[in-house]
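Notes to accompany the following structure.
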Number of protein chains: 2
Amino acid sequence: MKIPLYRQIQASLKEKITSGIYEEGGLLPSENDLCTEFNATRMTVRQALNELVREGYITRQHGKGSTVSASRKSLGLLSLKGWTEVVVASDRHGKTLVLEGPMLKKMQNPIFRPLIDTESDEDFIFFKRLRLVEDLPVMYEHTYIPNDNLPNFIEEPLLEGSLFRTLLIRYQIDVQSMTQEVRAIAADKETANLLKIKTKSPVLHLLRKYKTSVEGFFLYSSIYCNTEKFAISSFN
Amino acid sequence: MKIPLYRQIQASLKEKITSGIYEEGGLLPSENDLCTEFNATRMTVRQALNELVREGYITRQHGKGSTVSASRKSLGLLSLKGWTEVVVASDRHGKTLVLEGPMLKKMQNPIFRPLIDTESDEDFIFFKRLRLVEDLPVMYEHTYIPNDNLPNFIEEPLLEGSLFRTLLIRYQIDVQSMTQEVRAIAADKETANLLKIKTKSPVLHLLRKYKTSVEGFFLYSSIYCNTEKFAISSFN
DNA sequence: TTATACAACTTGTATAGACAACAAAAAACT
DNA sequence: AGTTTTTTGTTGTCTATACAAGTTGTATAA
C-alpha cells in the first residue's frame, strides 16, 4: 500500500461528495470526526481537506466547518472538476452527446505535441463529445486517454455518463490536477455548426492535460467553447 | 493585527523572489535552513512554501528542493507562455504602457457587477494599461482599485512599474488569489487598434477579481488578450 | 573506466499535542 | 421576552519529533 493516507482520505471524501452522500451546501464531518473515522491525526485530515479546497470541492470556514461547494453562476471549468459534476452542481440541465467513440485511435493531432512528453505511437482511447447546457451546445471536446490497463473501457458505457467518475470507481484513477493553454480563435465550419454559431465566431479553445493519481497516466482534451451565454470561470 | 507566522514567511520569500534576491530557476534555502532563519518548525515553513506553490512562485521536487519558477506574471495562476516554443516570460522582454491614469473614477462599467458584492458609489483608482511582449501588444487592461488607505498612490509612480509590487512594498497589501471569468469575444475597434489586430478578431476577455491580504480589499481588472502569438496557460 | 554501494543531503508523510480564534448554541441575567 | 454571558464545538496556527523516500555526490570495488 503505497498510496499516502491523506490521498486515500481525499479520494474517499471526493467519492462521497460526487456520489451525493455528502449533499451540496451541507457540512462535512468535523476534522476530529474524520480523524477517528480514518484513524489519522488532524494534520493528515487537514491535508486531505486542503487538497479538496484547492480542487474546488469544498470551502471551509473558521469555527464552523467544511461546506460542500454550492452551485455557481458560470461554469467553473478552469478548475479541474469534470463536466458532469460542474453542471450538475450548478443546477443547470446538462447533457452530453457522444458524437464519436469510444474507439482506439492514434493521436495524430499535432496541437497536443507541446503537452506530451513521450513521442509514442501507442493507441489512445478517443472520444468526440458535444456538451449542452439547457439544450444549448456550449462545448465541443476531443479526448484522448492512454489505453493502459483499462480493461473493457470501450465496451462498457460510462458510469452515470461521467468519464472522471468512471475512472475513479472502476479503475481507481483519481484525476487530481491539470494544466492548460487558453486561446480565443475563430470557429471553423465543423465547430461552428456543432455549437450553432456562425463560422468564424470567437470561441474559446482549451488545450488540457490532466494529471492523475497514477504515475505517468495523463488525459488530454481539446475543447472548443461557446461563451456567448455561459462564461468559463476559475477559482484559485 | 496578528499576522500568522507562515504568512510572514510567505510574504518575505515572495518579496525576495520578486525583487530578484532569489533568482529565477535557482534553489531556495532548504526547509531546515528556513526553519532556523525564521525560528519556526518545518510544518510552518512548509505551509508557507505550499502557499507559494499554489500562487505559482515556486515548484518543489522531492529530494531536491524548491525552485523559483521561471514565469510568475499575473500571480502565476495564469502566466504568459509562448506558443512558438520560445517562452518570453521574463520582464526584460515585457513592457507596460500606461495609457490612462492613475486617476480617480467611479466604476460605472456594468461588466464588473457580477463580481462585486457591495454596490458602492465610491471612487476607484483607475488604470488603462497596454502590455507588450517582445514589442508585440498582447494585453489591454483596465484596472480598478478601491481608494481606501492608499495615500499618495496617484501622485507617486509605481515601483518598478509593477502594481502588485507597489501594493506589497508601500502598503503591505499582498495579492494572494483571484477569481475570474473567461470569454472569447470579437475585438471592438479600440481594442483591436491597440492590440494591432483586425476589428472583430477573436480575443480573450478576462474579468478578474483579486483577493488580498487585507480583509475586504479587492482589485478588479478587465483584460483583453491577443492570443495569436501567445497563449494563456494555467496550472492547478 | 565503469559500476556499485554508501552517505549526506533534500522533501514527503505522519503522529501527538497545545493553544488561539471564531461561530453557534445554551445558560444566565435582566 | 429580550439581552448578555458562558459554554461547547469547530477550524486556524504552531511546536517537536520521527521515519520514509527521492536526489546527488563520493568513496569503493570490479
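Explain nothing, just the number: relative contact order of the range B:1-69, from Cα pairs under 8 Å at least 6 residues apart, as a whole percent. Before the final figure, lay out each step's value.
Values: 69 pairs, mean separation 26.5, N = 69.
Relative contact order for the range B:1-69 comes out at 38 percent.
Taking the Cα of residue B:2, stepping 7 Å toward and past its beta carbon, and measuring to each backbone N in the range A:30-69: which are under 18 Å?
The answer is A:62-64.
For the range B:5-68, just the Cα atoms, rotate onto the principal axes and tell me the three extents in Å, largest first.
Dimensions of the range B:5-68 along the principal axes of its Cα atoms: 26, 25, 20 Å.
Taking a 20 Å limit on the Cα-Cα distance, which of the listed pairs A:64/B:209; A:200/B:189; B:14/B:105 fall beyond it?
Correct reply: A:64/B:209; B:14/B:105.
With an 8 Å Cα cut-off and a minimum separation of 6 or more residues, compute the relative contact order for the range A:131-236 in percent. Walk me through the intermediate numbers first.
Details: 164 pairs, mean separation 33.3, N = 106.
Averaging sequence separation for qualifying contacts and normalising by length gives 31 percent for the range A:131-236.
What is the percent carbon and sulfur in the accessible area of the range A:83-225, measuring with a 1.4 Å probe over the protein chains and ignoring ligands?
Working: 3350 of 6560 Å².
On the range A:83-225, the fraction of accessible area on carbon and sulfur atoms equals 51 percent.
How much accessible surface does residue B:160 have with a 1.4 Å probe, in Å² rounded to 10?
140 Å²
Leaving out same-chain residues fewer than 8 places away, which aspartates and glutamates sit with a Cα under 13 Å from that of residue A:198?
A:188, A:190, A:228
Placing unit charges on C-beta atoms (Lys and Arg positive, Asp and Glu negative, everything else neutral), compute the dipole magnitude of the range A:83-225 about its Cα centre in debye, rounded to 20.
Here the size comes out at about 660 debye.
Given +1 on the Cβ of Lys and Arg, -1 on the Cβ of Asp and Glu, and no further charges, what dipole in debye does the range B:5-68 carry about its Cα centre, rounded to the nearest 20? Walk me through the numbers on the way to the answer.
On the way: 8 positive and 8 negative charges, 46 e Å.
That gives a dipole near 220 debye.
How big is the range A:161-236 by the Kirkwood estimate over distinct Cα pairs, in Å?
Numbers: mean 1/r = 0.0706 Å⁻¹.
Result for the range A:161-236 stands at 14.2 Å.
The values are calculated or read from the model by the stated rules, or taken from the named source; none is laboratory data. It should be emphasised that the depicted structure is a prediction, and the values quoted were computed from it without experimental measurement. Please note: Cβ atoms are built from the backbone with ideal geometry, for glycine as well, and neighbour counts cover all protein chains shown. Surface accessibility is based on the protein's heavy atoms, side chains included, excluding ligands, DNA and RNA. Shrake-Rupley method; radii C 1.70, N 1.55, O 1.52, S 1.80 Å.
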